[in-house]
Amino acid sequence: MKYAIFFGAFLIAPILACDPTHSDQVSALGGEAPNVNEGPTHRPGEPCLRCHDGAFGDPEEFSVAGTIYRGAEDATGADGVTVIMTDATGSTHTALTNSAGNFYVTPGDWTPKYPMQAQIESGSTKVPMLTLISRDGACSGCHVAPASDDSPGRVVLTLDDGGTPP
Amino acid sequence: MRSRSMLVACAISGALVSAALGCSTPDSNGRFVQAKLPDETTFAPVSILLDVRCGSLDCHGNVARNLRLYGSAGRRLSASDQPFSPACNTASEVDQDFISVVGLEPEQVSAVASGADPETLTMMRKARGTEAHKGEQIWSIGDDSDTCVTSWLEGSVDRSACMRAVTAALPNGASNPLVGCVSP
């Protein structure tokens, strides 16, 4: 009987672990860009939490992550931008973008209670996000280029006309 | 031995009958006419509140949600519009949000418009946190957001409560462009 239970659990475990929808979403992201190794600067602009979901402990889980760009039409990541996040309880956490424009927060550092507000700052430029983030810690879950009816476009410091985003 | 076989057969039959009953659906020819609806002409401030509090692209601005909302702070109805452009909800978006809200639980919305407790609406229970909600509790019973929606459901929208609720919910406070979209 003990062996039967063990064997049954052994068979069921892989089925429970398998999520074909999630697997398809991950596959759709494609491979790594040439000459970019896995690490903090890889896959800018992609939905970070799709893989960094902590499902199996590898890759590392993120609670919030994303990419900040120089401009709507400029696909260059903005380095050294401060991302200030404030959750529903008033708890604030800051993160700094790296050379790819990426930033990330791990649950060990901070996990927001939604809804969350966000603001990005670089020098004297301050751009507050004007809507609440309700449940998705990955910026590109909503911010996809180009801007459309269901996306405000990339998260940018400045608009092409020199102004700041609304 | 025979009685054991009978027992197994009965158990299987019972399981099959239970499954069949469990899958029964309402009569496909059944119809319900909403005897009374909340006022569509005063829905605009409620639409803005729902857009701001519930309609972000990662929540009810997502097409996967049963309660789908359109508006400036989330998904736009027109393919040529973008979040915050135009700044305020369009008349078509207000219409669609109205249909979403009154069509979610048609019978119950009709009952609430006729005097039943707004708490009987799933939408209200989820927003109040009295029913499980992925977005957790959004507002509390009697606060400005709650008053905005319940006053509309009950026939006399409290525009001031709606405006206070929108202003309080918006990041960047009074300088947020959406504040100008709802007048007291």
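Which value, in Å to one decimal place, does the Kirkwood hydrodynamic radius take for chain A when every pair of different Cα atoms is included? It would help to have the intermediate numbers written out before the result.
Values: mean 1/r = 0.0574 Å⁻¹.
Computed over chain A, the radius equals 17.4 Å.
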Exercise for the section: Could you check which residue among A:Asp74, A:Asp136, A:Asp150 shows the biggest mean-square fluctuation in a GNM of chain A with a 10 Å Cα cutoff? Expected result: A:Asp150
Exercise for the section: Within region A:132-146, which residues have the backbone N less than 16 Å from the label spot 7 Å out from A:Thr111 along Cα→beta-carbon, could you tell me? Expected result: A:135-138
Fill in the blank from the handout: Residues other than A:Leu157 with Cβ under 15 Å of its Cβ, Lys/Arg counted +1 and Asp/Glu -1, net out at -3
Handout entry: Calculated [θ] (222 nm, deg cm²/dmol) that DSSP helices of n ≥ 4 give over chain B, each run adding -39,500 (n - 2.57)
Key = -13500 deg cm²/dmol
Fill in the blank from the handout: Unit-weight point scatterers at every alpha-carbon of chain B, Debye formula, q = 0.10, 0.16 1/Å: log10 I(q)/I(0) is -0.47, -0.96
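Given the peptides A:88-94, A:42-48, arrange them by the average over their residues of other C-beta atoms within 10 Å, most packed first. If you can, show how the numbers build up before the last one.
Details: A:88-94: 12.3, A:42-48: 20.6.
Answer by packing, highest mean first, reads A:42-48, A:88-94.
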Problem - Per-pair calculated FRET efficiency, R0 = 25 Å: B:Glu131 and B:Ala15 via Cβ, rounded to 0.05 - result: 0.20
Handout entry: Nearest 10 degrees, 0 to 90: helix A:2-17 Cα axis against chain A principal axis
Key = 20 degrees
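Let me have the relative contact order for region B:34-181, percent, based on Cα pairs under 8 Å that are six or more residues apart. Write down the numbers at each step before the final one.
On the way: 227 pairs, mean separation 36.3, N = 148.
Taking the mean separation of contacting Cα pairs over the length of region B:34-181, I get 25 percent.
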Practice task
Report ³J(HN,Hα) in whole Hz for each residue of region A:92-98, in order, from the Karplus equation J = 6.51 cos²θ - 1.76 cosθ + 1.60 where θ = phi - 60°; Gly and Pro get x.
Solution key: 10, 9, 10, 9, 10, 6, 9
Exercise for the section: Heads up, I need the accessible area for A:Phe62: 1.4 angstrom probe, whole protein in place, Å², nearest 10. Expected result: 20 Å²
Problem - For the protein assembly as shown: span of alpha carbons on each principal axis (Å, largest first) - result: 86, 60, 36
Problem - For region A:58-149, alpha-carbon Rg and Dmax in angstrom - result: 12.8, 38
Fill in the blank from the handout: So, with points 7 Å from each Cα along the Cβ direction, the A:Ala88-B:Asp39 label distance in nm works out to 3.2 nm
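The values are calculated or read from the model by the stated rules, or taken from the named source; none is laboratory data. Note that the coordinates shown come from a computational prediction; the quantities given were computed from them, not determined experimentally. Don't worry about glycine lacking a Cβ; one is built from the backbone with ideal geometry, like all the others, and counts go over all protein chains shown. All accessible areas refer to the heavy atoms of the entire protein, side chains included, with ligands and DNA or RNA removed. Shrake-Rupley method; radii C 1.70, N 1.55, O 1.52, S 1.80 Å.
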